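K.L.:
Take this structure first; my questions come after.
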Amino acid sequence: MNHSHRLLVNLTGLIVILLFLSPHSGTAQVVNESAKKRFSIAFGMFTDIWQNVPSGLKTRAINQGVNVFATYNIPFGKSNFGFSAGLGFRVHNLYGNFQVKGYNDSIQFVRIPDSIGYQRSKIVLPYIELPVEFRFKTKYKFAIGIGFKVGYMLPAHTKWVGDDYLFNTPDKLRVNFRDIKYLEKFSYGPTLRIGYKWFHVNAYYSLSKIFSKDKGPDITPISIGFLLMPF
């Protein structure tokens, strides 16, 4: 299990434990209705539509990612409106017909030659994030959320599954490379969520770049996916 996956598991477990502890007692108990109104937890998957991919390169149609977050909700009186803020974790995956190559002064996406066979070539971008949101929820459980989130990048890596291009052996090569330079540490952008009861459709538009200016491809993701929100 790599570092990003371990962190996701640990963060998910921590969120679940915190949400199932009563704030009014020193012992654990089932979350009551009052707590459900104050806390929300969500698990989801999304795909990224990558913008400004270098000419001649292709990304996969589905670039699946995952996210999980928990928020504390503040209602505006007895109205259907409210505000929320919380903590989350998300992972973007960019699959393509290229490899990420690092040079002294830049990062480049280099197309994989046709002579090299491969099953997977991707870059993995994990973030811990702080989401905020203005919410509207009716008594019929229909909800809309408009928000913004800021993320801090954790150690990223590339992954290759394919021909052994390093040592020219007939074996298949499965390898991760973690030394990726010139990555922007912060990501940020607006979010939108529309849902009914447990099921929600959400979107995120990144206003930040993945790589530092003039140091790498000028790519940004538009994320579209779904969330399961038990409460």
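K.L.:
Please list, or write none, the aspartates and glutamates whose alpha carbon is within less than 17 Å of the alpha carbon of K181, excluding same-chain residues fewer than 8 places away.
P.N.:
Candidates past the 8-residue exclusion: D105, D214, D218.
K.L.:
What is the local net charge at A156, summed over the other residues whose Cβ is closer than 13 Å to its Cβ (Lys, Arg +1; Asp, Glu -1)?
P.N.:
+4
K.L.:
A follow-up question, please. Please list the equivalent ellipsoid semi-axes of the stretch 68-123, computed as the square roots of five times the alpha-carbon gyration tensor eigenvalues, in descending order and whole angstrom.
P.N.:
Semi-axis lengths for the stretch 68-123 are 45, 14, 9 Å.
K.L.:
Mind scanning K37/K185; K37/K149; K172/K213; K137/K209; K101/K185; K159/K213 and naming the pairs with a C-alpha gap bigger than 29 Å?
P.N.:
Beyond 29 Å: K37/K185; K172/K213; K137/K209.
K.L.:
Just the C-alpha atoms of the stretch 132-185: what Rg/Rh do they give, with Rh taken as the Kirkwood radius?
P.N.:
Dividing the radius of gyration by the Kirkwood radius yields 1.37.
K.L.:
Let me ask you something else. Want the number for K58 to R111: 0.36 nm per residue separation, take away the alpha-carbon distance, what's left?
P.N.:
Working: separation 53, 0.36 × 53 = 19.08 nm, distance 0.89 nm.
Length difference between fully extended and current span is 18.2 nm.
K.L.:
Using only alpha-carbon positions, what ratio does the radius of gyration of the stretch 90-231 give when scaled by 2.2 N^0.38 Å?
P.N.:
Against the compact-globule rule of thumb, the ratio is 1.30.
K.L.:
Is the stretch 171-228 best put as rounded, prolate or oblate by its Cα gyration tensor, with a ≥ b ≥ c the root eigenvalues, rounded for a/c under 1.5, and otherwise prolate when a/b is larger than b/c, oblate when not?
P.N.:
Values: a/c = 3.60, a/b = 1.53, b/c = 2.35.
It comes out oblate by the Cα gyration axes.
K.L.:
Could you sort 111-120, 207-216 so that the peptide with the highest average Cβ count within 10 Å comes first and the rest follow in order?
P.N.:
For the peptides 111-120, 207-216, the packing ranking is 207-216, 111-120.
Here, each number is a calculation from the coordinates, and none is a lab measurement. Please read all numbers here as calculations on a predicted model, not as lab measurements. Note that we place each Cβ from the backbone using ideal geometry, even for glycine, and neighbour counts take in every protein chain shown.
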